[in-house]
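Worksheet: one structure, shown below.
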Amino acid sequence: VGPPGGTLGWGVNGRLEAIDPRDGARDALVARIAASLIYDRPVGRPLLHLETHAAAEGGGAVPSQELVRLGGMVTGPGNAYHEFAARYGVSQRAELRVPVPFFSLPLLKYGKSPAQATLAPYGTLVCVTDRVAQAGGSSANGCYPSLGLGFLMLFDMLRFDVAYGFREGGWRFGV
């Protein structure tokens, strides 16, 4: 049961995998655990949206395709897609979704869209350890902050983002 006029929402999913090599080599056995948590809470009229993604790889020689990958508009805005490849990584995003007036768009026989859109300023922090250098990239461990602004319209199904990554990142745009 949520507060009057609003709802509390959260979701968790997780995954545990073990990859057994066909050649039987013990140093090739790899285990992976991953989890995501999404939490929404109304703060007056705006909505506070928190999103966490975390994963870890263990075992011997981890193949490149099995590394934890973060980066891109969801897990590392302001950084390239899958820029962070590591054995351990976590991404935390805090976003405040504020409804704003916007013109209504006609939807033909379905009527029209609501006369509002959503502005969503956010901050994200990606932290990785045991990072592996990708083509032309760095292998520096640590935390990588970014700030961005999202604009959601058409029932919050269409989203435009602009973000800046402060460490090894730059300006990134996404739809």
Exercise for the section: Restricting attention to the stretch 134-171, report how many residues are modelled with pLDDT of 90 or more, open to solvent by 30 Å² or more (accessible area, probe 1.4 Å) and out of contact with any Cys (no Cβ under 9 Å at 6 or more places or on another chain). Expected result: 11
Exercise for the section: Restricting attention to the stretch 112-144, report how many residues are over 30 Å from ARG45 (Cβ atoms) and outside any strand (DSSP E or B). Expected result: 10
Problem - Sole exception among (1) on the phi < 0 side of the Ramachandran plot; (2) open to solvent by 60 Å² or more (accessible area, probe 1.4 Å) for GLU83, by number - result: (2)
Practice task
Would you mention how many residues in the stretch 58-89 are over 18 Å from GLY165 (Cα atoms) and touching a residue at least 60 places away in the same chain (Cβ under 8 Å)?
Solution key: 3
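For the stretch 26-79, please list each of the strands (runs of 3 or more DSSP E) lying entirely inside it that holds at least 2 residues being modelled with pLDDT under 90, of a type outside the set (Ser, Thr, Tyr) and open to solvent by 60 Å² or more (accessible area, probe 1.4 Å). Outline the logic, then answer.
Details: elements: 30-42, 47-59, 68-70.
Output list reads 30-42.
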Practice task
Could you please find all residues in the stretch 87-133 being modelled with pLDDT of 90 or more, under 20 Å from the mean Cα position of the chain (by Cα) and open to solvent by less than 40 Å² (accessible area, probe 1.4 Å)?
Solution key: GLY89, SER91, ARG93, GLU95, THR118, ALA120, TYR122, GLY123, THR124, VAL126, CYS127, VAL128
Fill in the blank from the handout: Per the list (1) touching a residue at least 24 places away in the same chain (Cβ under 8 Å); (2) in contact with a Pro (Cβ under 8 Å, 6 or more places away or on another chain); (3) farther than 18 Å from TYR81 by Cβ, residue check on GLY165 breaks on (3)
Practice task
Determine whether LEU147 is outside any loop (DSSP other than H, G, I, E, B) and within 17 Å of the chain's Cα centre (by Cα).
Solution key: yes
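Could you count how many residues in the stretch 100-111 are within 20 Å of PHE151 (Cα to Cα) and assigned to a loop (DSSP other than H, G, I, E, B)? Spell out how you get there, then give the answer.
Taking the stretch 100-111 first, the residues within 20 Å of PHE151 (Cα to Cα) are 100-107.
Add one more test, that the residue is assigned to a loop (DSSP other than H, G, I, E, B), and what stays is 102-105, 107.
Matching residues across the stretch 100-111 total 5.
The values are calculated or read from the model by the stated rules, or taken from the named source; none is laboratory data. Since we're looking at a predicted model, the values are computed, not measured. In this analysis, Cβ positions are derived from the backbone assuming ideal geometry, glycine residues included, and neighbour counts consider all displayed protein chains. What goes into the accessible areas is simple: the full protein's heavy atoms, side chains included, and nothing from ligands, DNA or RNA. Shrake-Rupley method; radii C 1.70, N 1.55, O 1.52, S 1.80 Å.
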